[in-house]
Amino acid sequence: MITSTPKAPSTRRGRWAWYLYDFGNSAYASVVLLAVFSAYFQKEVVGGAEGTRLWGLAILIAMLVVAVSAPALGAIADFSGAKKHFLFFFTAMACLFTASLFFAEKGAILIGMGAFILAEIGYRAAQVFYDALLPEIAEQDEMGRVAGTGWAIGSAGGIAILLVVLPLILAMPGTLTVRASLVITALFLALFSLPLFLWLPERARPQTLPPGENYFTVAFKRLRETVKATQRFKEFLKFMLAFLVYNDGVIMALDFAGIIGAVLFGMKQEMLIVFVILVHVTNVLGAYTFGVLVDRIGGKRALNLAIAMLILVVLALFFIQTQTEYFIVGAFAGFAMAGTQSVSRTMVAMFAPPGKSAEFYGFFAMAGRTSSFIGPGVFGWLAAEATLWFQQQGQVVALAEQAGHRVAILSIAAFLLAGLGLLWFVNERKAREVAGQADA
């Protein structure tokens with residue numbers, strides 16, 4: 001038995017509430033992961049290649065927590081009809097600990113890592129329940145367009161927050177302004193998440209608990225049933241395996257973009273912000289373009305195209321030498337990355353049977369977070385170890401650090417290429433047929 005999800009048409013206001021959450025949610029990715037805090041943590045809070053290693057370790061811990069908890073929480077949310085309740089909790093958690101990053105001053109490594117890990121858990125776990133609302137606002141034949149529009153509006157939110165903090169950093173340079181931008185980011189996320197909680201009703205109706213059961217026992221029973229039933233969803237499992245691998249490359253590129261810019265090209269905080277704004281502009285174009293492509297040529301073909309483009313971008317990144325070239329590569333990366341992420345999210349909704357969206361998104365999150373804690377850990381370890389090796393060969397510290405990070409960049413391409421190879425074995429048509437035939 002699964003939660004009933006009525007197929008009443010969504011309202012325009014409900015869709016915009018869903019879009020606006022992505023608008024606010026993207027502020028976290030822009031400021032914390034991309035333009036501001038990652039480079040600040042690596043250079044100021046820690047310093048040197050050890051900062052890259054610890055940044056990767058912090059991401060590893062946060063992703064592992066979400067990987068373990070997401071499937072069970074998704075099952076509970078489906079049974080209880082409480083996706084919005086879980087979304088509110090983890091959104092509040094992300095806001096609170098993002099603001100707490102203000103206290104991560106130079107040398108405050110434990111505070112910086114602790115607050116970031118908790119903020120990252122909130123941010124990533126909230127995405128499970130946000131994504132699971134997609135089938136409640138869009139039909140099968142329009143999911144690509146709706147998801148693409150949401151991603152594009154989210155990218156616009158990433159630009160908006162950077163246009164707020166950039167003038168402050170230019171007018172008042174220094175670490176205090178950088179830390180204050182994290183409080184502004186938390187408020188931005190909180191403000192634009194409100195419409196979803198106020199305007200978007202959850203259509204799924206809660207089920208009555210069986211005698212002697214509680215939500216946790218029911219959740220684990222549902223998970224066992226889902227695991228047993230996976231032989232009916234073989235294409236979904238093959239897609240999850242491919243996603244687990246190629247998503248590593250995507251997350252590594254995102255989480256270390258700021259650090260790469262600072263280490264390899266000497267980019268200061270304000271230039272990193274301009275760089276990320278450019279990436280977000282092309283991200284908007286990519287999200288819209290690939291959203292249309294999904295509806296026209298199918299999810300798998302669109303995803304193949306996006307990943308192949310991203311592999312070429314990463315290989316170019318290994319060879320470039322100037323800030324100008326980094327900006328050009330970043331523009332293409334933003335376009336391709338938007339396609340890879342938005343199409344992946346859409347394909348889960350296409351492959352999930354009625355009433356099990358949160359549960360399937362829980363497994364989607366588990367695959368993503370499982371791979372995501374592996375990838376950043378590999379990149380951080382590889383960059384630090386390669387840096388030490390180059391230093392032992394007689395290179396000065398700055399050049400050794402740059403060479404070490406270039407070696408780590410190749411690991412991004414390796415994950416993307418392996419994931420693309422696995423994706424060729426996924427039969428999209430069969431997956432959608434099986435999902436449509438599942439009992440509601």
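The values are calculated or read from the model by the stated rules, or taken from the named source; none is laboratory data. A quick note: this is a predicted structure, and the numbers were derived from the prediction, not measured. A quick note on method: Cβ atoms are made from the backbone with ideal geometry, for glycine too, and the neighbour counts reach across all protein chains shown.
Brief remarks follow.
- Meets criteria (free of Cβ contacts under 8 Å to residues at least 40 places away in the same chain and within 30 Å of residue 178 (Cα to Cα)) for residue 270: no
- Residue match in the range 338-354 (condition: of a type in the set (Ser, Thr, Tyr), at pLDDT below 80 and either surrounded by 24 or more Cβ atoms within 10 Å (Cβ to Cβ) or within 30 Å of residue 43 (Cα to Cα) (or both)): no
- Some residue of the range 248-267 being assigned to a helix (DSSP H, G or I), within 13 Å of residue 340 (Cβ to Cβ) and of a type outside the set (A, V, I, L, M, F, W, C): yes
- Top-ranked residue of the range 290-301 - restricted to ones that are in contact (Cβ under 8 Å) with a residue 60 or more places away in the chain and surrounded by fewer than 20 Cβ atoms within 10 Å (Cβ to Cβ), ranked as nearest to residue 323 (Cα to Cα): 292
- Taking the listed residues 327, 335, the one that is closer than 30 Å to residue 295 by Cα and touching a helix residue (DSSP H, G or I) at 6+ places or on another chain (Cβ under 7 Å) is 335, with no other qualifying.
- Pairs, first over 24 Å from residue 237 (Cα atoms) in the range 403-431, second part of a helix (DSSP H, G or I) and not hydrophobic (A, V, I, L, M, F, W, C), C-beta under 7 Å, six or more apart: 404/387
- Any hit, the range 183-193, residues being hydroxyl-bearing (Ser, Thr, Tyr), farther than 30 Å from residue 64 by Cβ and either assigned to a helix (DSSP H, G or I) or out of contact with any Gly (no Cβ under 8 Å at 6 or more places or on another chain) (or both): no
- Of all the numbered requirements in (1) touching a residue at least 60 places away in the same chain (Cβ under 8 Å); (2) surrounded by 24 or more Cβ atoms within 10 Å (Cβ to Cβ); (3) not basic (Lys, Arg), residue 308 misses one, and that requirement is (2).
- Test: residue 358 is at pLDDT 90 or above and surrounded by 23 or more Cβ atoms within 10 Å (Cβ to Cβ): no
- Filtering the range 127-154 to residues that are at pLDDT 80 or above and under 23 Å from residue 276 (Cα atoms) leaves 127, 149, 150, 153, 154.
- In the set (1) closer than 16 Å to residue 32 by Cβ; (2) free of Cβ contacts under 8 Å to residues at least 60 places away in the same chain, residue 124 fails one condition alone, (2).
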